[in-house]
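Novice: Here it is, the structure in full.
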Amino acid sequence: MPARLHFTLATPVDANAIFDLVYKDPQPFLKSATLSDVQDWIANGSCWIVRDIGGAGIIGACNIRVPETNRYDEPEPAEFGGIFIHSEYRVRGISDALGVLALASYFWDNDPESPNPIPIISHVHVQNPDPLGLLARLGFVFDKNVPVPRGTPGFEHMPVDENGQLWGKEFRWPPEGRIHLFREMAKLLATQQIDKYGVCIVPALAMVEPELERLATHLEGLQTQQ
Amino acid sequence: MEPLKQFLAEAKSADLRDKEMFAFVVREGLTLTGMSVRDAGELFRTAPGTVSRWENGHTAPALVARYAVRDLLVNRVTRIASALDQRVAVPA
């Protein structure tokens, strides 16, 4: 089956298409962003995309923000910024695959064998149920509700409580979640297929199925020891 | 020229199972090539923030990826060293 969907990291030339797909029409629970914001995310983060080379162009995007660090301070957690998929491509496993690629690549690059990797978190507006299923399928678990500092740019349009406070649900990633994640990623690389689509995946550097399986087995061993 | 040769020798024989050694290779490689973490993120297909975690010794990628990163840096430094060699060989 020829590959029709290409999963890869975004480059600067993709910024306009990502902006048009995700941010051009404001969504009530989606942080608003300008084209310049999207360009910054591509330059400073890891923004993964799905491209339908059959004609529709970029049909999905997912961003993980990894703050830069220095030698002396503990690194801040990474933030999984959610997934946006073109309406005609939803409920086909594409969003799950994009999430698996982004997260597996992140963990591949950040101490994949460690029992205590640097945390990755995600936030969802307390009144927004839409992403909860996907987050759970990917392996995130609810941790706590957190207030969004007043005046944070991009959240001005979102519903607030009776005191004017905006709240988000914070999700965290349990380290053992990597076992399933690495195996799902290996499966994706092995089958190169999602639903009726052949896919081409350009994952993190040097990522290969046997090493993903070895990592999953190693993490299983750690879990057994605990 | 000497730092480039020294880096190439050290990087090629480095035991990259040691996270500190990997951090050293990334840090020195970026310094010698003049790459920013943003440039390196593009080359290594990862976030600049992840590269900064690597060079500061906070994290390292899967072992096979450490060797791939090392090889990319060695290639870059080798190219720079070759270019400098040629410049040295040409009489002014």
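Novice: List the number of the failed condition for A:GLN127; all other conditions in (1) closer than 25 Å to A:PRO174 by Cα; (2) within 14 Å of chain B (Cβ to nearest Cβ) hold.
Specialist: It is condition (2) that A:GLN127 fails.
Novice: Please go through region A:45-58 and give me each residue that is more than 15 Å from the chain's Cα centre (by Cα) and within 24 Å of A:ALA104 (Cβ to Cβ), ordered by number.
Specialist: First, the residues of region A:45-58 that are more than 15 Å from the chain's Cα centre (by Cα): A:51-58.
Within region A:45-58, A:ARG51, A:ASP52, A:ILE53, A:ILE58 qualify.
Novice: Looking only at helices (runs of 4 or more DSSP H) that fall completely inside chain B, which ones have 2 or more residues that are basic (Lys, Arg)?
Specialist: Working: elements: B:2-13, B:19-33, B:37-43, B:48-55, B:63-89.
Filter on chain B gives B:2-13, B:19-33, B:63-89.
Novice: Here's something else I'd like to know. Please find, within region A:62-86, the residue that is surrounded by the fewest Cβ atoms within 10 Å (Cβ to Cβ) out of those that are assigned to a loop (DSSP other than H, G, I, E, B) and of a type in the set (S, T, N, Q). Can you show your working first?
Specialist: At the first step, the residues of region A:62-86 found to be assigned to a loop (DSSP other than H, G, I, E, B) are A:66-77, A:86.
With of a type in the set (S, T, N, Q) added as a condition, the list becomes A:69-70.
On the way: A:THR69: 21, A:ASN70: 10.
The residue in question is A:ASN70.
Novice: Could you tell me whether region A:38-61 includes any residue that is touching a helix residue (DSSP H, G or I) at 6+ places or on another chain (Cβ under 8 Å), of a type in the set (D, E, K, R) and either surrounded by fewer than 20 Cβ atoms within 10 Å (Cβ to Cβ) or away from every other protein chain (no Cβ under 14 Å) (or both)? Walk me through how you get there before you give the answer.
Specialist: Going through region A:38-61, the residues touching a helix residue (DSSP H, G or I) at 6+ places or on another chain (Cβ under 8 Å) turn out to be A:38-39, A:42-50, A:52, A:56-61.
Restricting the remaining residues to those that are of a type in the set (D, E, K, R) gives A:52.
Then keep just the ones that are either surrounded by fewer than 20 Cβ atoms within 10 Å (Cβ to Cβ) or away from every other protein chain (no Cβ under 14 Å) (or both); that gives A:52.
Yes - at least one qualifying residue is present in region A:38-61.
Novice: Kindly indicate whether any position in region A:87-104 is assigned to a loop (DSSP other than H, G, I, E, B) and closer than 20 Å to A:LEU30 by Cα. Write out each step before concluding.
Specialist: If we filter region A:87-104 for residues that are assigned to a loop (DSSP other than H, G, I, E, B), which is where we start, we get A:90-93.
Subsequent filtering for residues that are closer than 20 Å to A:LEU30 by Cα retains A:90-91.
Checking region A:87-104: at least one residue is assigned to a loop (DSSP other than H, G, I, E, B) and closer than 20 Å to A:LEU30 by Cα.
Novice: Just to be sure, is B:PHE7 in contact (Cβ under 8 Å) with a residue 24 or more places away in the chain, surrounded by 20 or more Cβ atoms within 10 Å (Cβ to Cβ), under 11 Å from the mean Cα position of the chain (by Cα) and within 12 Å of chain A (Cβ to nearest Cβ)? Let's see the steps before the verdict.
Specialist: On the way: in contact (Cβ under 8 Å) with a residue 24 or more places away in the chain: yes; surrounded by 20 or more Cβ atoms within 10 Å (Cβ to Cβ): yes; under 11 Å from the mean Cα position of the chain (by Cα): yes; within 12 Å of chain A (Cβ to nearest Cβ): no.
Spelling it out, it is not the case that B:PHE7 is in contact (Cβ under 8 Å) with a residue 24 or more places away in the chain, surrounded by 20 or more Cβ atoms within 10 Å (Cβ to Cβ), under 11 Å from the mean Cα position of the chain (by Cα) and within 12 Å of chain A (Cβ to nearest Cβ).
Novice: For A:ALA206, state whether it is closer than 25 Å to A:ILE49 by Cβ and among the aliphatic types (A, V, I, L, M).
Specialist: When the stated conditions are applied, A:ALA206 passes them.
Novice: Under 29 Å from B:PHE22 (Cα atoms), out of contact with any Pro (no Cβ under 9 Å at 6 or more places or on another chain) and within 10 Å of chain B (Cβ to nearest Cβ) - does that describe any residue in region A:109-124?
Specialist: yes
Novice: Here is a follow-up. Residues in region A:156-176: is at least one within 14 Å of another protein chain (Cβ to nearest Cβ) and either modelled with pLDDT of 95 or more or part of a helix (DSSP H, G or I) (or both)? If you could, list the steps in order and put the result at the bottom.
Specialist: So in region A:156-176, the residues within 14 Å of another protein chain (Cβ to nearest Cβ) come out as A:175.
Checking the rest, the ones that are also either modelled with pLDDT of 95 or more or part of a helix (DSSP H, G or I) (or both) come to A:175.
The answer is yes, given that some residue of region A:156-176 is within 14 Å of another protein chain (Cβ to nearest Cβ) and either modelled with pLDDT of 95 or more or part of a helix (DSSP H, G or I) (or both).
Novice: Could you please find all residues in region B:33-62 being in contact (Cβ under 8 Å) with a residue 40 or more places away in the chain and either more than 8 Å from every other protein chain (Cβ to nearest Cβ) or within 15 Å of A:ILE64 (Cα to Cα) (or both)?
Specialist: B:THR33, B:MET35
Novice: Name the residue that is farthest from A:ASN63 (Cα to Cα), counting only residues in region B:63-76 that are surrounded by 20 or more Cβ atoms within 10 Å (Cβ to Cβ) and either more than 11 Å from chain A (Cβ to nearest Cβ) or among the small types (Gly, Ala, Ser) (or both).
Specialist: Within region B:63-76, the first condition is being surrounded by 20 or more Cβ atoms within 10 Å (Cβ to Cβ), and the residues that meet it are B:65-66, B:69, B:73.
Pick out the ones that are also either more than 11 Å from chain A (Cβ to nearest Cβ) or among the small types (Gly, Ala, Ser) (or both) and you get B:65, B:73.
Details: B:ALA65: 21, B:LEU73: 26 Å.
Residue satisfying both the conditions and the ranking: B:LEU73.
Novice: Considering (1) within 14 Å of the chain's Cα centre (by Cα); (2) in contact (Cβ under 8 Å) with a residue 12 or more places away in the chain, say which one A:MET158 fails and leave the rest.
Specialist: All conditions are met except number (1).
Novice: Something else now. Mind checking whether some residue in region A:17-27 is assigned to a strand (DSSP E or B) and touching a Gly at 6+ places or on another chain (Cβ under 7 Å)? Break it down stepwise before answering.
Specialist: Going through region A:17-27, the residues assigned to a strand (DSSP E or B) turn out to be none.
Looking through region A:17-27, none of the residues is assigned to a strand (DSSP E or B) and touching a Gly at 6+ places or on another chain (Cβ under 7 Å).
The values are calculated or read from the model by the stated rules, or taken from the named source; none is laboratory data. Since this is a predicted model, take the numbers as computed values, not measurements. Note: ideal-geometry Cβ built from the backbone for every residue, glycine included; neighbour counts use all protein chains shown.
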